[in-house]
Amino acid sequence: MKNFLRCFIIAAFCYGFIACEKIIEVDVKDNQPKYFIEAYLFDELRNNVVYVRKTQNIFDDAPNQSILNATVTIEEDSTVFPLSLTTSGYYNNQNLIGKSGSTYKLKVEVAGETFTATSVMPNKATYNDVIVALPLPLTADGDTISPCSVGDYFIFNQFTDIADEKNFYLLDYNRFETTGSTAQSTTDDQIYIQDDLVFDGKTTCTPFFNTCFVEGQEVKTIMYNITEVMYKYYFVLSTVANNGTPGGDVTPQNPKTNIEGGALGFFSTASITRKTTKIEPITGFNPCTF
């Protein structure tokens, strides 16, 4: 599973605001380095990743230090799975697969310190369909406010939320050029997170905002049912990236962690549903039905 910490878009229908900027002086403390743990467990065999790093002094330009001598385990129903260091610098277990509703306990031991966290694997919502459509919204003159050009397409992810429980979603994709001798996979540095506050138990559609697709591309989409911890962590990171909130001009906060023992980061479980869609030409707008 690739590192998620890239760029984030909150899936909400809202307009951005322009904020004024001013220069202020801040008395920054020379904080001591801390351990940073980024851990994921998915409901697919071998799809589990634990990164263990140590942050640098705030005035140190060196990159964060990867920890290669940690002891890492994940426990499920009294069965302990040891994770081994891979050549890519993260810890993994080849026999571990997450199950919806099960509780998982992460334990990381390094240099005499112990860090723990607990996460319950979310239930899996129904990923109904991937709908190819013309870019939205349209103005009275037929123009769009998206960055797409004439002939580009949007993708809408249609899914049905699980009723009477809090659910959180992350949507991602890869698109594959399927023609020519240089066919390859590409992806934008964006992921999309959403909660079910306004559509509990209903079928809804979420487009990949600001992302355009062209005829002939094969798009592999992924819907993750994520934990509230993971959602809130990414939400805070998105506010930092956007200078506060999607509207800006709000002081960002530090991401909260569910890891006990003094480390930064988080441990989250997530269930996965995958789909593959070929971008074919359409005539007229193909609406997302609810």
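Rule-based calculations on the coordinates, nothing more; no lab input. This structure is a prediction, so every number in the text was calculated from the model and none was measured. Positions of Cβ are backbone-derived with ideal geometry, glycine not excepted, and every protein chain shown enters the neighbour counts.
Across the range 84-95, rounded Karplus estimates of 3J(HN,Hα) from the backbone phi angles (6.51 cos²θ - 1.76 cosθ + 1.60, θ = phi - 60°) give 9, 6, 9, 5, 7, x, 10, 9, 8, 10, 6, 10 Hz, Gly and Pro being marked x. Residue-wise HN-Hα couplings along the range 272-279, as the Karplus relation 6.51 cos²θ - 1.76 cosθ + 1.60 with θ = phi - 60° gives them from phi, are 10, 10, 10, 9, 10, 10, 9, 7 Hz; Gly and Pro carry x.
Summarising the amide proton neighbourhood of Ile226: residues at separation of 5 or more, or on other chains, whose placed amide H is nearer than 5 Å comprise Phe168, Tyr169, Leu170. What pairs from Lys124/Lys220; Lys34/Lys275; Lys232/Lys275; Lys99/Lys256; Lys202/Lys275 go past 30 Å between their alpha carbons? From Lys124/Lys220; Lys34/Lys275; Lys232/Lys275; Lys99/Lys256; Lys202/Lys275, over 30 Å: Lys34/Lys275.
Near Ser102, once Lys and Arg are set to +1 and Asp and Glu to -1 for all other residues with Cβ below 13 Å from its Cβ, the sum equals -1.
Annotation: amide H-H contacts under 5 Å for Leu96 (H modelled 1.01 Å from N, sequence separation of 5 or more, or interchain): Arg46. Within the shell defined by Cβ-Cβ distances under 11 Å, the residues around Asp161 carry a net charge of -3, with Lys and Arg each +1 and Asp and Glu each -1.
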